[in-house]
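For reference, the structure is listed below as structure tokens.
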Ligand SMILES: [Fe+2]
């Protein structure tokens, strides 16, 4: 069987890892979770980060055929439309993105947002398979962080999205609308039943306390032995209590509001207004004492 060739691209402003996964024999590649460079203060966006991924693929002679989102991210905007425009790649995400669209449509009064997932090119169900060249990809539905999270399993490598982080940092939050700590625990345990040597590729890294470098690769065995949140012996009840207590103290991600509005549209900005400019919305709530 062909071994996937995997290149990681770390985006420090959003702590996100994007991946280029290729069948080097066939010269076919997928991009997982590409990041749009976005400045919230000015509204300026550019595609520097995605350009780096495209340049690498070109150097290697790989044709990018698909962009795979692990979920609708809340901490960065997706560069999927740029990669699609440059390469003709299709964009795939979990079929439960429809639930996420239904949840957030009223939050932002996005009356033009379709909630049938049709902004994406492919919607995946649990257990579905597709191919990157001769590499077989198995889709795993791993909800909890959001209802639509997927992990992509390719040979002995799994791109886990926002489920697990590095063992010394733990797990993803489960307090966004539609998130659920108990569901996340069960999804993580599904991943941790894979063989010990399975390589796990994280979607984020935040440098755990005491660590001075970014890391994004571990194994099932390492997570089972050493994950600070879900090592062997942590019960579902313990995890849920820990996760909910921890989430209650977490800050709102800096790019949450723009990310959600753009990522539920497969990374596209809302349609431009009459002046030719596209706008994102901020719901404002005046708190009274
Ligand atoms: Fe996320």
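Observations on the structure shown:
- Residue that is farthest from the ligand (Cβ to nearest atom) [pool: residues in the stretch 53-73 that are assigned to a loop (DSSP other than H, G, I, E, B) and surrounded by 22 or more Cβ atoms within 10 Å (Cβ to Cβ)]: 62
- Meets criteria (free of Cβ contacts under 8 Å to residues at least 24 places away in the same chain, buried (at least 17 other Cβ atoms within 10 Å of the Cβ), over 16 Å from the mean Cα position of the chain (by Cα) and more than 16 Å from the ligand (Cβ to nearest atom)) for residue 115: yes
- Residues of the stretch 178-196 classified as within 16 Å of the ligand (Cβ to nearest atom) and either under 16 Å from residue 231 (Cβ atoms) or modelled with pLDDT under 95 (or both), total: 3
- Some residue of the stretch 209-229 being at pLDDT below 95 and on the phi > 0 side of the Ramachandran plot: yes
- Of the candidates 41, 50, the single residue that is in contact with a helix residue (DSSP H, G or I) (Cβ under 6 Å, 6 or more places away or on another chain), farther than 23 Å from residue 199 by Cβ and not in a strand (DSSP E or B) is 50.
- Failed criterion for residue 99 (all others in (1) within 23 Å of residue 178 (Cβ to Cβ); (2) surrounded by fewer than 23 Cβ atoms within 10 Å (Cβ to Cβ); (3) away from the ligand (no atom under 16 Å from the Cβ); (4) in contact (Cβ under 8 Å) with a residue 12 or more places away in the chain hold): (3)
- Residue 169 touching a strand residue (DSSP E or B) at 6+ places or on another chain (Cβ under 9 Å), under 18 Å from residue 28 (Cα atoms) and within 16 Å of the ligand (Cβ to nearest atom): no
- All conditions but one from (1) within 14 Å of the chain's Cα centre (by Cα); (2) closer than 19 Å to residue 247 by Cβ apply to residue 216; the one that does not is (2).
- Within the stretch 90-186, strands (runs of 3 or more DSSP E) holding 2 or more residues that are under 21 Å from residue 265 (Cβ atoms): 90-94, 122-124
- Close pairs (9 angstrom Cβ cut-off, 6 or more residues apart or separate chains): at positive phi in the stretch 59-72, more than 16 Å from the ligand (Cβ to nearest atom) anywhere: 61/24; 61/27
- Scanning the stretch 201-253 for residues that are within 16 Å of the ligand (Cβ to nearest atom), surrounded by 18 or more Cβ atoms within 10 Å (Cβ to Cβ) and outside any loop (DSSP other than H, G, I, E, B) yields 201, 202, 204, 243.
The values are calculated or read from the model by the stated rules, or taken from the named source; none is laboratory data. Predicted, not measured: the structure shown is a model, and the values here were computed from it. Cβ atoms come from the backbone with ideal geometry, glycine included; neighbour counts cover every protein chain shown.
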